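Here's the structure, in structure tokens; my notes come after.
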Amino acid sequence: MSSGFRTKDGGGAVVEFEAAEVAILRSLVTQVLGLVEPGETSDDPLERALGIGASRVPSDPVLARLFPSAYEDAEDAAEFRRYTEATLREGKRADARTMLDTARPGRTELTAEQAQAWLRSLNDVRLALGTKLEVTEEIHEEIATMAEDDPRYPAYVTYDWLTYLQDTLVRALW
């Protein structure tokens, strides 16, 4: 199993992955990439060209978590979403593609920019999986008492591993 990220000489981060770990990461990132494909667009060609999109909160709880409302007031939140969600989606897709392009078995070296993309993409994967699993702050206690034959165990352990990777990447970068 990966020993986590370390600081790379000259900036960035380095990590060693086993082939199975890369397969898991690629699968999860690909799923998130599919979720954040371009959302609803306006019927107006000028608005589409400017990246102005839908103003509705996503009905999918995972998308609602990945694209939370910026304001409590529904009208303000809708207006903000309309002008920002397309750009946010593109950023999440770019980060996911960076992760897919650079994740490989063995030694993976990331530039500072790639490491930042990984950090954002790992966060998106954790948010998506955590929402699906309905993760609470008690997750570590749950995992510690969960039987290995519990059907939820692999998903919870994967979530915990992603948390570990994210933590070690943060520490490597700062």
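Odds and ends about this structure:
- Across segment 117-142, the qualifying residues are those that are more than 11 Å from L35 (Cβ to Cβ) and among the acidic types (D, E), and the one among them that is surrounded by the fewest Cβ atoms within 10 Å (Cβ to Cβ) is E137.
- Being surrounded by fewer than 17 Cβ atoms within 10 Å (Cβ to Cβ), modelled with pLDDT of 95 or more and not in a helix (DSSP H, G or I) is a description that does not apply to E113.
- Scanning segment 79-110 for residues that are polar (S, T, N, Q) and not in a helix (DSSP H, G or I) yields a count of 1.
- Taking segment 61-78 as the range and being assigned to a helix (DSSP H, G or I) and either touching a strand residue (DSSP E or B) at 6+ places or on another chain (Cβ under 7 Å) or surrounded by 15 or more Cβ atoms within 10 Å (Cβ to Cβ) (or both) as the test, the residues that pass are V62, L63, R65, L66, A77, A78.
- Some residue of segment 39-58 being part of a loop (DSSP other than H, G, I, E, B), modelled with pLDDT of 90 or more and charged (D, E, K, R): no
- Look at (1) of a type in the set (V, I, T); (2) buried (at least 18 other Cβ atoms within 10 Å of the Cβ); (3) at pLDDT 90 or above; (4) farther than 18 Å from A23 by Cβ and you find that V170 fails only one, number (2).
- Among the residues of segment 99-113, those identified as in contact with a Lys or Arg (Cβ under 9 Å, 6 or more places away or on another chain) and either within 21 Å of A128 (Cα to Cα) or among the hydroxyl-bearing types (S, T, Y) (or both) are M99, L100, A103, T111.
- Test for G91: is it in contact (Cβ under 8 Å) with a residue 60 or more places away in the chain and either surrounded by 15 or more Cβ atoms within 10 Å (Cβ to Cβ) or not basic (K, R) (or both): no
- Condition broken by R120, with the remaining ones in (1) touching a strand residue (DSSP E or B) at 6+ places or on another chain (Cβ under 9 Å); (2) farther than 18 Å from S27 by Cβ; (3) not polar (S, T, N, Q) satisfied: (1)
The values are calculated or read from the model by the stated rules, or taken from the named source; none is laboratory data. These numbers come from a predicted model, not from an experiment. No Cβ is skipped: glycine too gets one built from the backbone with ideal geometry, and neighbour counts run over all protein chains shown.
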